[in-house]
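S.K.: Structure provided below as structure tokens; questions to follow.
No value in this document is a laboratory result; all are computed from the given coordinates. As the structure is a computational prediction, the values presented were derived from the model and not from experiment. For neighbour counting, all protein chains shown are included, and Cβ atoms are generated from backbone atoms with ideal geometry for every residue, glycine included.
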């Protein structure tokens with residue numbers, strides 16, 4: 001058995017901290033919690049689950065806080081979690097076997113991100129880098145911190161999957177709260193952009209912040225800045241950016257520009273169902289729209305094999321097929337696809353069926 005320390009940082013997380021820490025106590029992990037200035041009961045609640053609680057003065061640097069938590073770990077191998085991530089499944093023997101096979105790599109957990117505070121059958125799955133040897137890797141960047149080689153700060157390394165699953169509840173707040181968060185995040189990101197204007201990760205994250213508050217014009221500007229810089233397709237965020245960049249172009253009446261940008265690199269992204277859905281939507285938003293080409297993209301989504309991550313993009317694709325058929329004047333087929341999508345509780349399909357029935 002390889003000793004592992006779980007390292008968590010947080011602030012004012014009394015709503016989440018127990019749901020995060022309690023599942024970890026069922027496994028042979030050392031739990032490290034670093035508090036960055038809570039004014040609620042977070043630290044008090046954390047004491048129920050670990051004695052390893054430390055304070056860190058917040059200096060506007062997430063990596064500094066992360067690296068401080070690593071320094072407090074007794075074990076070399078560290079698993080990093082956030083307070084709003086809750087362990088739901090772990091094959092301990094499989095975990096140790098994977099670590100034995102990849103001693104110099106970085107292990108990826110499976111995170112299922114749900115929208116809103118209550119879970120539903122719909123979630124967005126992603127593999128994220130979280131398990132590593134603390135004498136070989138550390139964190140860099142002020143915000144949206146990345147794991148990097150401790151000697152070279154290189155973010156390229158061997159990745160491997162580990163059989164550990166967490167549920168993640170996405171950020172919940174009203175638009176004013178989201179705007180404050182976006183402004184706070186961007187203040188740090190702009191500093192990083194000044195420090196390294198050639199790093200595409202920073203403008204991407206600025207765009208994500210604007211996307212959070214539906215400011216699609218600024219989101220478009222910074223997605224395009226990132227797109228024009230060198231991109232490493234091994235980074236999962238590059239694939240996320242493709243979908244969000246396409247959406248920002250659609251929202252700002254630049255669908256033709258998005259098509260021109262992503263058609264030449266289509267094959268680099270075509271294995272991703274969310275990218276195919278984005279391309280299908282793109283074909284429906286150019287002038288004139290091309291529902292037959294859009295339909296081909298949605299068909300590809302439905303033909304993709306199920307992923308180990310468990311993400312289901314078929315409701316979106318079925319809805320897209322319905323919309324394509326509606327544009328082509330085939331209303332019986334459109335209704336059939338809408339009904340199949342609605343059966344999977346896809347809200348846009350339910351709304352479209354309601355609108356059609358009211359005619």
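S.K.: So between residue 175 and residue 136, what do we pick up on full extension, going 0.36 nm a residue minus the alpha carbon distance?
M.R.: Separation in residues times 0.36 nm, less the Cα-Cα distance, equals 10.0 nm.
S.K.: So for each of 134-144, 186-196, 259-269, 242-252 I average, over its residues, the number of other beta carbons within 10 Å; can you give me the resulting order with the highest mean first?
M.R.: Values: 134-144: 18.7, 186-196: 15.9, 259-269: 14.0, 242-252: 21.7.
Going from most to least packed, we get 242-252, 134-144, 186-196, 259-269.
S.K.: Next question. With contacts defined as alpha carbon pairs under 8 Å and 6 or more residues apart, what's the relative contact order of the range 175-357 in percent? All intermediate terms of the calculation are to be shown ahead of the outcome.
M.R.: Details: 214 pairs, mean separation 21.3, N = 183.
The value is 12 percent.
S.K.: Compute the Rg/Rh shape ratio of the range 31-110: radius of gyration over Kirkwood radius, all on alpha-carbon atoms.
M.R.: Expressed as Rg/Rh, it is 0.99.
S.K.: Oh, and also: Between residue 270 and residue 89, what FRET efficiency follows from the Cβ-Cβ distance if R0 is 25 Å, with the result rounded to 0.05?
M.R.: Step by step, r from the Cβ atoms, then E = 0.25.
S.K.: Per residue, what volume in Å³ does the Cα convex hull of the range 175-357 take up?
M.R.: 134
S.K.: Under a plain spin-label model, where a point goes 7 Å from the Cα along Cα-to-Cβ, how far apart in nm are residue 22 and residue 359?
M.R.: 5.0
S.K.: Oh, and also: Angle, helix 314-327 long axis vs. longest principal axis of the chain, Cα atoms, 0 to 90°, nearest 10?
M.R.: Computed tilt is about 20 degrees.
S.K.: Using only alpha carbon pairs under 8 Å that are at least six residues apart, calculate the relative contact order of the chain and give it in whole percent.
M.R.: Reported relative contact order: 11 percent.
S.K.: Which three numbers, in whole Å and largest first, are the semi-axes of the equivalent ellipsoid of the range 4-169 derived from its Cα gyration tensor as √(5λ)?
M.R.: Equivalent ellipsoid of the range 4-169: 22, 20, 16 Å, largest first.
S.K.: Could you give the spread of the C-alpha atoms of the chain along their three principal axes, from largest to smallest, in whole angstroms?
M.R.: 66, 43, 42
S.K.: So, one more: Over what distance in Å are the Cα centres of the range 224-268 and the range 49-99 separated?
M.R.: 33
S.K.: Once both labels are modelled 7 Å past Cα along the beta-carbon direction, what's the residue 75-residue 257 spacing in nm?
M.R.: Placing both labels 7 Å beyond Cα along the Cβ direction yields 5.0 nm.
S.K.: While we're here: On a 0 to 90° scale, report how tilted helix 347-357 is relative to the longest principal axis of the chain, with both axes built from alpha carbons and the result rounded to the nearest 10.
M.R.: 20
S.K.: Would you work out the relative contact order for the range 4-169, in percent, from Cα pairs under 8 angstrom that are 6 or more residues apart?
M.R.: Values: 355 pairs, mean separation 43.0, N = 166.
Once normalised by length, the contact order is 26 percent.
S.K.: Now, a different point. Hey, fewest Cβ within 10 Å first, where do 20, 324 land in order?
M.R.: Numbers: 20 24, 324 27.
Listed from fewest to most nearby Cβ atoms, that is 20, 324.
S.K.: Tell me the angle of helix 273-285 to the major Cα principal axis of the chain, expressed in degrees between 0 and 90 and rounded to the nearest ten.
M.R.: With both axes taken from Cα atoms, the answer is about 40 degrees.
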